[in-house]
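Trainee: Before I ask anything, let me first share the structure, which is written out below as structure tokens.
The values are calculated or read from the model by the stated rules, or taken from the named source; none is laboratory data. Since the structure is predicted, the reported quantities are computational estimates derived from the model, not experimental observations. Here the Cβ positions follow ideal geometry from the backbone for every residue, glycine too, while neighbour counts run over all protein chains shown. Quick note on the areas: whole protein, heavy atoms, side chains included, nothing else; ligands and nucleic acids left out. Shrake-Rupley method; radii C 1.70, N 1.55, O 1.52, S 1.80 Å.
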Amino acid sequence: MAEESAMDRFCGSEFWNSSLSWWTEDPDLTPCFEQTALVWTPCAFFWLFMLFDFWYLKASLDKNIPWSKISIAKLLFTIGLLVITILDLIMAFVKKGGDSELPRYSLDVWGPIIKIATFLLVLLFIPLNRKFGVQTSGCQFMFWFLFVILSIPRCRTEARAHQQRNEILDSNQEEIPDYSWEEYQFVSFFIFYAFACVMLFLNCFSDAMPRQTKYKRGPNEIPELSASFLSRITYRWFDSMALKGYRNPLEEDDLWDLRPQDSCKEVMPTFAYYWNKNVRKNYKQAAQTSEPKAQFANGKVSFENPQGNGRKKGMASIMPPIYKSFGGIFLFGSFFKLIADVLTFAQPQVLSLIIGYVEAFETTPQPEWKGILYSVLLFVLASIQTFILAQYFHRMFIVGLRIRTALINCIYRKALRISNAARKESTVGEIVNLMAVDAQRFMDLTTYLNMLWSAPLQIGLALYFLWQELGPSVLAGLAVMIIMIPLNGFIASRIKTYQIQQMTYKDKRVKLMNEVLSGIKVLKLYAWEPSFEKQVLDIRDKEIATLRSTAYLNASTSFLWSCAPFLVSLVTFATYVLIDENNVLDAKKTFVSLSLFNILRFPLTMLPMLITNLVQTQVSVKRINKFLNSEELDPNNVQHDKSRPHPIIIENGHFSWGDEDETTLKNISMEVPKNNLVAIVGTVGSGKSSVVQAILGEMEKISGSVNTVGRLAYVPQQAWIQNATVRDNILFGKAYDRKRYNRVIDACALRTDIEILSAGDLTEIGEKGINLSGGQKQRISLARAVYNDADLYLLDDPLSAVDAHVGKHIFEEVIGPKGMLKNKTRVLVTHGITFLPQVDNIYVMKAGQVSENGTYAQLLKNKGAFADFLIQHLQDGEEEEEDLNQIKRQLSENAEPELLAPIEKAIKLARTESLSDSISVTSADSLMGRGSLRRRARRQESYDSAASAASLKRKQEVEGKLIETEKSQTGGVEFAVYKHYIKSVGIFLSVATLVLNFAFQAFQIGSNIWLTQWSNDKEVETNTAKRDMYLGVYGAFGFAQVISYLFSSLALALGCIYCAKKLHEQLIDHVFRWPMETFDTTPIGRIVNRFSKDVDVLDNTLPMLWRMVLSTTFSVLATIVVISISTPIFLAVIVPIGFIYYFAQRFYVATSRQLMRLESVSRSPIYSHFGETVTGVSTIRAYTVEDRFIEESDNKVDKNQVCKYPSLIANRWLAIRLEMVGNLIILFASLFAVLGGQSNPGLVGLSVSYALQVTQTLNWLVRMSSDIETNIVSVERIKEYGETKQEAAWELEEDKKKPKNWPADGRVEFSNFQVRYREGLDLVLRGVSFNISGGEKVGIVGRTGAGKSSLTLALFRIIESAGGKIIIDGEDIAQLGLHMLRSRLTIIPQDPVLFSGSLRANLDPFDVKTDEEIWKALELSHLKAFAKGLTSGLNHEISEGGDNLSVGQRQLVCLARALLRKTKVLVLDEATAAVDLETDDLIQKTIRSEFKDCTVLTIAHRLNTIMDSDKVIVLDKGQITEFASPTELLDNPKSAFYSMAKDANLV
């Protein structure tokens, strides 16, 4: 025997014997090896990784786990193990050494001692884990797992030795040796081993729940917290969620609570601590203070102000705090990644061993156990990699989530304190984007970030191993790969330009659709749909053209990437065999190289992506840093010194809006005594509001002082309303006190408004108060202030948006000397001069200075700025009749005689104005029983809002809900949708795609099988011609692959684009033909969403997904085929594996899809709440409720994490399960290859290298197919819109027989006509009958809701009849095509709708009229001068909605449209507030002269316009009450018409 090693002496026997362990049919290990190496490995592992356990103890948030059966059992069995080991030590001293003939070796002493030390440590952790609330320990589980596994060889050895001893004992020898020591060891070892197995079993479970937890653990807590280590690494704890999601779609209540350590409460303090440290480092501070680690003092985290202290040294960046706060977990994750990378390269090495094993099968067969060992080894490596990668991604996601949480909250907190100057630098949208886009970027980057070192490492290792196989010829292959990168980069940049182009087309198309849908009623009335449909489709064609170019480019990139691996192997192998005659490809070289090339592909694709990602993130960091370093409001702008005499004092203050040079307010001095009401007046822009902002501390104070004492309430000029219920807006975080609340509501005149709303004060208000009128918002804002019960009230013109009588009510009830706030200190900025006599003091502002102050009487005597202000105010003529009288009264009491003259004159002027208004007052107004003459536009607005609100309420009562809620699709997608999609792609292209994909895989398999043929052929070594033949055919196969792939990706891309085009055409075709009622019940946003989002999915998302799904599906099939060719028995395994796979996939898709939906639903509130905060920040600061808003934001972020976390886990859950399926495929492929007596090393190499790739592919396949399911919903929604109810046909065959000039006379006859707006609603017209002869002028009057508009809508068949008929010139209109009917009638609608485009297109969209005709029409409609004055004349671009024309001009354009059409029947839906009297007269004149021989139906809102008509129809509640000439009706004082005329002062 060779000379003894140290280990041999230590054991007293041989440590390692290769002939015993390796070169043998029956391998075994030496007892010494079993008792040292195999025992000490787990012990060493435990001692090493115990540090992690200590770290977990320190980091644990819980304490005190109660004793449970498991922990008691653990304790007992560990003590048992200790006892056995100590006994071993004692026995070693008793039985060996000393007198006995058995020598005692070091092992006998040190072996037990090492074990005792380890078990003592294990024992120590049992109470420690209990005390610190750690429920499971991975380190201990792994220790026991290794211990049990590595002791298996010793079991076999001991059992065999026992058997041999028994044989000797039974064979009656004379001298029976003394086996007492061996027997003792045998018994003690097996008891010991049994105990170890029990410990392993016990460590599979976790301990009971801790008694003390830092955060309350609810019944809904996430199972991960108390899951055992085994359950955590396999994600078994997620099973319940997957099962629930599979059974029925997940709802928000099914989700678990957030893990405390991911919540804002845990993440923020750490981040804030490091951020503040960083700020202090960057901004040198005068006083160095030491700060404790950030704690959550009553739930607040304070961020230091970078501008706050001392000189600036540089920008404080978010990066260092991020590293310091989250670097630990990140590094831990990186450690996992490193192990995984190394394991990746172990696989090809094992593959080469397997191929070697098979190669030697014929010549010198190796023992079978080696083949099995290699297969199992391959499986174990793959499995370890699976588990480790899952943990790695999990860690990365957590870091990403936490960084996002930290950044979102950091940005939010900053936004609440940023100064106004800094806020002006960026729009609200940009600030919200910081949160939505830039913080999200970090999250996406964390997973990739490790690629920075991992990719070069992988490339380096791959090249090293390849060099070992093939030598320098590797460089040729590498060169190909490297050339691909810039080529791809070039194509990518081209794609980007096309994408930008496509985006602009898409925006144009969506904008046009938006306009069309907004004005759809007008399009239908004019029968203009075809023209606009054509416009949309023209844009769409351009869009499709760019998509087509993109598709060609995309096909070329995917083509490049797909042929890259092939080209690389072709070039490398060709170089290798051609460099040197002696270079021969054998199976081992070929397949090991192939699998290494496959590994290389990933990092090479990732690097360019990573670099672009990094650049984007760098931009994001810069933007976030700029924002977080911007200036904050100086808290010292306002002092709160309680010793000052008055609650609000400003002493010669100079203020600016943050621009150093520009002072907005100069030497302002003001004092507001306690409980006084002080008014600030002045002309527009004199700085009234700025004074209020200065008191709030929103303005930069340059000099002087501001002092306020007491809590503030503030009503801004522009009311800021939150997206919450009315009640929440008023309470604003205060407790609900019913009595007080009701008083406030009545005082602020909100009672009637609340009654109109569908759910009273619990009605939700849309964003920015979208469903309230201006006056309502203002009053709610005021109510919020009043309810808040503060000490100081700053009211910035709260009465401007409300009607005068409401304003009066509010002043009396709330603000004035008798109001609810009479015992508060109030500052009122106002325009209304009526209230000034009742205030305690008036400050008059002029050009940023206080020009004078005093009471009303004093100021009038001064004849200063105040008097000028009064006169100017009166000349603006904003006042109403009764107010004018009141003002006159007040003035005559107070003013000097010489002042009275100009003021009287101004009053006279205002009065004549208001009288000219009063003549044109709506009859409806008098019907509503409102006597007071109020300025028209104002009155109209308030009356409209009241009426529309009332009618809305009626509607809501009738149908419960006007707008149908959108169905969020749950569950799977029916097959019909896929069928619909494939049909739209076209049968030919669909089949072609499949066939070509199939061909591609076939050629790929062919080329690989050819390689195996080549590598197995031994003649190649000598015969170069044969070698070249092999090379040539291999190249040809490759070429065929490349071509088939190129065409398959083209066929697919073009098919998808064709399909998108077709579906869009169907969609637009159907939507344009919807009846009007469908548009009424569907919000425009939702329809536009179909045209933008869903069409975009068709255009861009689906083609990419289909490509991925097809290629992955085919490659999985190819793998199965290849493995089955080489080992047919594999087919038996494929069925059960397929089942497992299918179930994992179904569970995952169902759960994940719903989680994604929930996540996106819970994400938008974060951003909308943030946007809201940024706009209302001055209000939030005034009420000092920042903390409540921060908490709200935190809760929203947490809520989003609650949905996000499970969806990330779902991915890991699936990955583990699928990769294990893949690993099983690897195991069986290699096992069958080894055991099946397969003698073709090439085939074995092929099948195993295919199997090695399958895990990733399987994973992708599920991901992609679930993405397809998520996105195919878009097709479903488009299909759904294509199946909605359509209106009647546009054109009918019979129409062509009708005379061209129908209707020639214009006789209109209604006979017993009934109509309702839609199914299930009451009739609006109930049996109306009347006759109008051709050329008659008829006025239609009636109060709101009498059915006037319904009459005209029915004439155009916008609403179809429910009984009776309408006959025009002897034709029943129900028998005509809609366009035939609508194009032969003309209407001038109530609200003029214009579309963006040229003036010409707005008048004549079909381009059928000549220029002369158009100019003639413009001249008659008094627009000729205006149009001539435009530089581009008829081609003048009109902006969206006609915003660049005045309302009057728009009305005239509509008149010009009517003049161009010039049909026999004209309907005038009269414009109310749109036109001034002058224009009105022009329109009337034109209509009288131009349409004198036409039938004109006028729906009148002002009686004077129809006084000269031939007949008048008076409608009431859908029936005709009077039908006669106006004179006839006026002669009868009892007629309804007479009373209307009387109200309008016409009789």
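Trainee: Taking segment 1188-1203 as the region of interest, how many residues are crowded, with 20+ Cβ neighbours inside 10 Å and either in contact with a Phe, Trp or Tyr (Cβ under 9 Å, 6 or more places away or on another chain) or more than 16 Å from MET396 (Cβ to Cβ) (or both)? So that I can check it myself, show each step before the final result.
Mentor: Going through segment 1188-1203, the residues crowded, with 20+ Cβ neighbours inside 10 Å turn out to be 1189-1190, 1193-1194, 1196-1197, 1200-1203.
Now drop any that are not either in contact with a Phe, Trp or Tyr (Cβ under 9 Å, 6 or more places away or on another chain) or more than 16 Å from MET396 (Cβ to Cβ) (or both), which leaves 1189-1190, 1193-1194, 1196-1197, 1200, 1202-1203.
The total comes to 9.
Trainee: Taking the condition open to solvent by 50 Å² or more (accessible area, probe 1.4 Å) and either among the small types (Gly, Ala, Ser) or touching a Leu at 6+ places or on another chain (Cβ under 8 Å) (or both), does ASN1444 pass?
Mentor: So ASN1444 does not fit the description; no.
Trainee: OK, next. Of all the residues that make up segment 41-84, how many are open to solvent by 50 Å² or more (accessible area, probe 1.4 Å) and among the charged types (D, E, K, R)?
Mentor: Qualifying residue count, segment 41-84: 3.
Trainee: Among the residues of segment 833-852 satisfying the criterion of being in a loop (DSSP other than H, G, I, E, B) and open to solvent by less than 20 Å² (accessible area, probe 1.4 Å), which is nearest to MET670 (Cα to Cα)?
Mentor: Initially, segment 833-852 is screened for residues in a loop (DSSP other than H, G, I, E, B), giving 833-835, 839-840, 847-848.
Imposing the further condition that a residue be open to solvent by less than 20 Å² (accessible area, probe 1.4 Å) reduces the set to 833-834, 839, 848.
Details: ILE833: 21, THR834: 23, VAL839: 15, GLY848: 13 Å.
Result: GLY848.
Trainee: Another question, if that's okay. Scan segment 749-763 residue by residue and report those that are hydrophobic (A, V, I, L, M, F, W, C), closer than 16 Å to ASP728 by Cα and either open to solvent by less than 30 Å² (accessible area, probe 1.4 Å) or part of a loop (DSSP other than H, G, I, E, B) (or both).
Mentor: Correct list: LEU750, ILE754, LEU757, ALA759.
Trainee: Mind checking which residues of segment 807-824 are charged (D, E, K, R), assigned to a helix (DSSP H, G or I) and surrounded by fewer than 19 Cβ atoms within 10 Å (Cβ to Cβ)? Even if it seems obvious, please write down each step before you answer.
Mentor: Going through segment 807-824, the residues charged (D, E, K, R) turn out to be 808, 812-813, 818, 822, 824.
With the extra rule that they be assigned to a helix (DSSP H, G or I), the set shrinks to 808, 812-813.
Residue satisfying the conditions is GLU812 alone.
Every residue, every condition in (1) crowded, with 18+ Cβ neighbours inside 10 Å; (2) of a type in the set (Asp, Glu); (3) not in a loop (DSSP other than H, G, I, E, B), yes or no:
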site	(1), (2), (3)
HIS1379	yes, no, yes
THR1386	yes, no, yes
LEU1394	yes, no, no
PHE1406	no, no, no
ALA1427	yes, no, yes
THR1431	no, no, no
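Trainee: Of the numbered conditions (1) open to solvent by 50 Å² or more (accessible area, probe 1.4 Å); (2) part of a loop (DSSP other than H, G, I, E, B), HIS646 fails exactly one; give the number of that condition.
Mentor: (1)
Trainee: Given the criteria touching a helix residue (DSSP H, G or I) at 6+ places or on another chain (Cβ under 6 Å), at pLDDT 85 or above and outside any helix (DSSP H, G or I), does VAL1475 qualify? Steps first, please.
Mentor: Numbers: touching a helix residue (DSSP H, G or I) at 6+ places or on another chain (Cβ under 6 Å): yes; at pLDDT 85 or above: no; outside any helix (DSSP H, G or I): yes.
So VAL1475 does not fit the description; no.
Trainee: Just one of the numbered conditions (1) polar (S, T, N, Q); (2) closer than 30 Å to GLU1291 by Cα; (3) not in a helix (DSSP H, G or I) is not true of SER531; which one?
Mentor: Result: SER531 passes all but (3).
Trainee: In this structure, does GLY687 turn out to be open to solvent by less than 50 Å² (accessible area, probe 1.4 Å), farther than 27 Å from GLU631 by Cβ, modelled with pLDDT under 90 and of a type in the set (Gly, Ala, Ser)?
Mentor: Spelling it out, it is not the case that GLY687 is open to solvent by less than 50 Å² (accessible area, probe 1.4 Å), farther than 27 Å from GLU631 by Cβ, modelled with pLDDT under 90 and of a type in the set (Gly, Ala, Ser).
Trainee: Okay, moving on. Of GLN1256, GLN1314, which residue is open to solvent by 40 Å² or more (accessible area, probe 1.4 Å), touching a Lys or Arg at 6+ places or on another chain (Cβ under 9 Å) and not hydroxyl-bearing (Ser, Thr, Tyr)?
Mentor: Details: GLN1256 fails: touching a Lys or Arg at 6+ places or on another chain (Cβ under 9 Å).
Every option except GLN1314 fails the conditions.
Trainee: Something else about it: (1) open to solvent by less than 20 Å² (accessible area, probe 1.4 Å); (2) in a helix (DSSP H, G or I): which one isn't true of PRO210, the others all being true?
Mentor: Checking PRO210 against (1) open to solvent by less than 20 Å² (accessible area, probe 1.4 Å); (2) in a helix (DSSP H, G or I), the one that fails is (2).
Trainee: Could you tell me which of the residues LEU452, LEU457, LEU407 is out of contact with any Gly (no Cβ under 7 Å at 6 or more places or on another chain) and surrounded by 19 or more Cβ atoms within 10 Å (Cβ to Cβ)? Walk me through it before giving the result.
Mentor: Working: LEU452 fails: surrounded by 19 or more Cβ atoms within 10 Å (Cβ to Cβ); LEU457 fails: surrounded by 19 or more Cβ atoms within 10 Å (Cβ to Cβ).
Step by step, each of LEU452, LEU457, LEU407 is checked, and only LEU407 is out of contact with any Gly (no Cβ under 7 Å at 6 or more places or on another chain) and surrounded by 19 or more Cβ atoms within 10 Å (Cβ to Cβ).
Trainee: May I pose another question? Looking at segment 764-776 only, could you name the residues that are farther than 24 Å from HIS809 by Cα and either assigned to a helix (DSSP H, G or I) or modelled with pLDDT of 75 or more (or both)? Steps first, please.
Mentor: Going residue by residue through segment 764-776, those that are farther than 24 Å from HIS809 by Cα are 764-768, 770.
Across segment 764-776, the qualifying residues are GLU764, ILE765, GLU767, LYS768.
Trainee: If you don't mind, another one. Return the only residue of LEU87, LEU107, LEU120 being farther than 19 Å from VAL187 by Cα and either open to solvent by less than 60 Å² (accessible area, probe 1.4 Å) or not polar (S, T, N, Q) (or both).
Mentor: LEU120
Trainee: Just checking, which of ASN1504, ASN1532 is surrounded by fewer than 18 Cβ atoms within 10 Å (Cβ to Cβ) and over 56 Å from the mean Cα position of the chain (by Cα)?
Mentor: On the way: ASN1504 fails: over 56 Å from the mean Cα position of the chain (by Cα).
So the residue among ASN1504, ASN1532 that is surrounded by fewer than 18 Cβ atoms within 10 Å (Cβ to Cβ) and over 56 Å from the mean Cα position of the chain (by Cα) is ASN1532.
Trainee: Any chance you could count how many residues in segment 1507-1529 are among the β-branched types (Val, Ile, Thr), more than 10 Å from GLY1342 (Cβ to Cβ) and surrounded by 19 or more Cβ atoms within 10 Å (Cβ to Cβ)? Lay out the reasoning, then the answer.
Mentor: Initial filter on segment 1507-1529 (among the β-branched types (Val, Ile, Thr)): 1512-1514, 1520-1521, 1527.
Retained after the next criterion (residues that are more than 10 Å from GLY1342 (Cβ to Cβ)): 1512, 1527.
Subset that is surrounded by 19 or more Cβ atoms within 10 Å (Cβ to Cβ): 1512.
The number of residues fulfilling the criteria is 1.
Trainee: Would you check which residues across segment 647-668 are modelled with pLDDT under 85 and among the β-branched types (Val, Ile, Thr) and list them? Outline the logic, then answer.
Mentor: Step one: list which residues in segment 647-668 are modelled with pLDDT under 85, which gives 657-664.
Within segment 647-668, THR663, THR664 qualify.
Trainee: What number goes with the only condition from (1) in a helix (DSSP H, G or I); (2) without any contact (Cβ under 8 Å) to a residue 24 or more places away in the chain; (3) open to solvent by 40 Å² or more (accessible area, probe 1.4 Å) that PRO1128 does not pass?
Mentor: (1)
Trainee: Report the residue count in segment 585-602 for those that are open to solvent by 40 Å² or more (accessible area, probe 1.4 Å) and either in a helix (DSSP H, G or I) or among the β-branched types (Val, Ile, Thr) (or both).
Mentor: Our first condition is that a residue be open to solvent by 40 Å² or more (accessible area, probe 1.4 Å); within segment 585-602, this holds for 586, 588-589, 598, 601-602.
Those left that are additionally either in a helix (DSSP H, G or I) or among the β-branched types (Val, Ile, Thr) (or both): 588-589, 598, 601-602.
Looking only at that region, the number is 5.
Trainee: Looking at TYR787 and the list (1) in contact with a Leu (Cβ under 8 Å, 6 or more places away or on another chain); (2) at pLDDT 90 or above; (3) closer than 29 Å to SER686 by Cα, which single condition is not satisfied?
Mentor: Going through (1) in contact with a Leu (Cβ under 8 Å, 6 or more places away or on another chain); (2) at pLDDT 90 or above; (3) closer than 29 Å to SER686 by Cα one by one, TYR787 breaks only (3).
Trainee: Additional query: Do you know which residues across segment 125-143 are open to solvent by less than 30 Å² (accessible area, probe 1.4 Å) and in contact (Cβ under 8 Å) with a residue 60 or more places away in the chain?
Mentor: So in segment 125-143, the residues open to solvent by less than 30 Å² (accessible area, probe 1.4 Å) come out as 125-126, 129, 133-141, 143.
Once the filter is applied, which keeps residues that are open to solvent by less than 30 Å² (accessible area, probe 1.4 Å) and in contact (Cβ under 8 Å) with a residue 60 or more places away in the chain, segment 125-143 yields PHE125, ASN129, GLY133, VAL134, GLN135, THR136, SER137, GLY138, CYS139, GLN140, PHE141, PHE143.
Trainee: With the structure loaded, tell me whether ALA1304 is at pLDDT 85 or above, among the hydrophobic types (A, V, I, L, M, F, W, C), farther than 30 Å from MET443 by Cα and surrounded by fewer than 19 Cβ atoms within 10 Å (Cβ to Cβ) or whether it fails that test.
Mentor: Working: at pLDDT 85 or above: yes; among the hydrophobic types (A, V, I, L, M, F, W, C): yes; farther than 30 Å from MET443 by Cα: yes; surrounded by fewer than 19 Cβ atoms within 10 Å (Cβ to Cβ): yes.
Yes, satisfied.
Trainee: One residue is enough: does segment 110-128 have a residue meeting the conditions of a type in the set (Lys, Arg) and either outside any loop (DSSP other than H, G, I, E, B) or at pLDDT 90 or above (or both)? Reasoning before the result, please.
Mentor: Within segment 110-128, the first condition is being of a type in the set (Lys, Arg), and the residues that meet it are 115.
The next check asks that each one be either outside any loop (DSSP other than H, G, I, E, B) or at pLDDT 90 or above (or both); those that pass are 115.
Yes: one or more hits.
Trainee: Still on this structure, I have one more. Please go through segment 786-800 and pick out each residue that is outside any helix (DSSP H, G or I) and either open to solvent by 40 Å² or more (accessible area, probe 1.4 Å) or not aliphatic (A, V, I, L, M) (or both).
Mentor: Listed by number, the residues that qualify are ASP789, ASP791, TYR793, ASP796, ASP797, PRO798, SER800.
Trainee: Test LEU628 against the criterion of being touching a residue at least 12 places away in the same chain (Cβ under 8 Å) and surrounded by fewer than 18 Cβ atoms within 10 Å (Cβ to Cβ), and give yes or no.
Mentor: Values: touching a residue at least 12 places away in the same chain (Cβ under 8 Å): yes; surrounded by fewer than 18 Cβ atoms within 10 Å (Cβ to Cβ): no.
Taking the combined requirement at face value, the residue does not satisfy it.
Trainee: Evaluate segment 1214-1222: report whether one residue or more is over 30 Å from LYS424 (Cβ atoms), assigned to a helix (DSSP H, G or I) and free of Cβ contacts under 8 Å to residues at least 40 places away in the same chain. Spell out how you get there, then give the answer.
Mentor: Pass one, segment 1214-1222, residues over 30 Å from LYS424 (Cβ atoms): 1214-1222.
Next cut, assigned to a helix (DSSP H, G or I) only: 1214-1222.
Still in the running and free of Cβ contacts under 8 Å to residues at least 40 places away in the same chain: none.
For segment 1214-1222, residues over 30 Å from LYS424 (Cβ atoms), assigned to a helix (DSSP H, G or I) and free of Cβ contacts under 8 Å to residues at least 40 places away in the same chain: absent.
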